[in-house]
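Chemist: First, the structure itself, so that you have it in front of you.
Values in this text are rule-based calculations from the coordinates and carry no lab data. Because the structure is a prediction, the values reported are computed rather than measured. Glycine also receives a Cβ, built like all others from the backbone with ideal geometry; neighbour counts cover every protein chain displayed.
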Amino acid sequence: MKISLRVIFSFLLISCVSSTCLAEELRIGAGAAPTENVLKPIKAAFEKATGISLAVISNGPKQAFLDLDKGSFDAAAAGLSYEEWQKLMKKEGNEIKDPAAYQSVLIGKDRIAVITNKDNRIEKLSKEQLQGIFTGKISNWKDVGGKDMPILVIWGTLIPGTNTMFGKVMLDGAAPTKEVLEATTAEDIKDKIKSNLEAIGIGPAAIVDTQVWSPQTPEVARPITLLTKGAPSPKVKKLIDFINGEGKSLIK
């Protein structure tokens, strides 16, 4: 018995509509810390366990909040406490008018790492040395036990949570140098450090691997917060439950 192509196409279309083609999507805007430490590591396992497609848009905590506020995202995530997030938004000219309209939950903790090129293996940097490097007072690697070459600071524009925490804890509030090579996300910072022998930058510890080097430094850690407008939706609840359950073993 011959079956027409039209019948076969209709059958495939019906099958698609009834299954994966209509899979739910969970959209989250995020900063570097939640993206690299939590959301990327659990993505495949979460999707397999729930059938929900997890779309992570790494656009920084400011834009993530703005998109959450207008309903473009199901949730937003950042390497900040909710209180620090509010302060950041106010500083950026987008004060959160009704903080009680949002619900926050802690989904992890992140350590901020100092990163250099893998061929510039400085074993250890003290707080004073890091202050000198990132404020521009120390401009040559030979002054901190390295080679005689200028220091190139890589500074990410889409990781304000990382920058704020590092500035508060490591720089004691001092302004970072303006003589930097700008990057965007944590991955972009890493790429620029890989391409420049004299480079140094900061980012979530999860991006450190054999492609870069991370000297021993004083610890800087921060909370990772997930934020929803109103109560979390059923999709977001499934994500939170997964993070607190099966996902724990996957989170860096």
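Chemist: Enter the mean projected area of the convex hull around the alpha-carbon atoms of the chain, in nm², rounded to one decimal.
Modeler: 17.4
Chemist: Filter the GluC sites (Glu not before Pro) in region 83-130 down to the DSSP loop ones having no more than 11 other Cβ atoms within 10 Å, then list what survives.
Modeler: Working: sites: GLU83, GLU84, GLU92, GLU95, GLU123, GLU128; in loops: GLU92, GLU95, GLU123.
Passing sites in region 83-130 are GLU95, GLU123.
Chemist: Right, here's the next one. Report the relative contact order of region 103-177, percent, no decimals, based on alpha-carbon pairs under 8 angstrom and at least 6 residues apart.
Modeler: Details: 50 pairs, mean separation 22.3, N = 75.
Computed value for region 103-177: 30 percent relative contact order.
Chemist: Filter the trypsin sites (Lys or Arg not before Pro) in region 164-243 to those in DSSP coil with at most 12 other Cβ atoms within 10 Å of their Cβ, and list the result.
Modeler: For trypsin sites (Lys or Arg not before Pro) across region 164-243 that sit outside H, G, I, E and B with at most 12 neighbouring Cβ atoms in 10 Å, the list reads LYS178.
Chemist: Round to a whole angstrom and tell me the spacing of the C-alpha centers of region 30-86 and region 172-214.
Modeler: Centre-to-centre (Cα) distance: 22 Å.
Chemist: Let me ask something additional. Only Cα pairs under 8 Å and at least 6 apart count here; give the relative contact order of the chain as a rounded whole percent.
Modeler: Averaging sequence separation for qualifying contacts and normalising by length gives 29 percent for the chain.
Chemist: Viscosity 0.890 mPa s, temperature 25 °C: what is the translational diffusion coefficient of region 111-222 from Stokes-Einstein with a Kirkwood Rh over Cα pairs, rounded to a whole number of µm²/s?
Modeler: 181
Chemist: Which of ILE200, PHE134, GLY173 sits closest to the plus end of the dipole of region 111-222, meaning its Cα is farthest towards the positive end, when Lys and Arg get +1 and Asp and Glu get -1 on the C-beta?
Modeler: GLY173
Chemist: List the aspartates and glutamates whose Cα lies under 14 Å from the Cα of LYS90, skipping any in the same chain that are fewer than 8 positions away.
Modeler: Within reach: ASP98.
Chemist: Report the residues of region 160-203 in range of a label on ASP119: point 7 Å along Cα→C-beta, backbone N strictly under 17 Å from it.
Modeler: 191-200
Chemist: Given region 168-252, what count of lysine pairs have C-alpha atoms under 29 Å apart, with each pair 8 or more places apart or on different chains?
Modeler: For region 168-252, qualifying lysine pairs total 24.
Chemist: Taking 0.36 nm per intervening residue step and subtracting the Cα-Cα distance, what contour gain separates LYS168 from LYS109 on full extension?
Modeler: Using 0.36 nm per residue and subtracting the Cα-Cα distance, I get 19.5 nm.
Chemist: Based on alpha-carbon positions alone, could you give the equivalent ellipsoid semi-axes of region 166-252 from the gyration tensor, as √(5λ), descending, whole Å?
Modeler: Square roots of five times the eigenvalues give 31, 17, 14 Å.
Chemist: Which of the GluC sites (Glu not before Pro) across region 159-247 are loop residues per DSSP, with 16 or fewer other Cβ within 10 Å? Kindly include the intermediate steps, with their values, before the conclusion.
Modeler: Working: sites: GLU179, GLU182, GLU187, GLU198, GLU219, GLU246; in loops: GLU179, GLU198, GLU219.
Answer in residue order: GLU179, GLU219.
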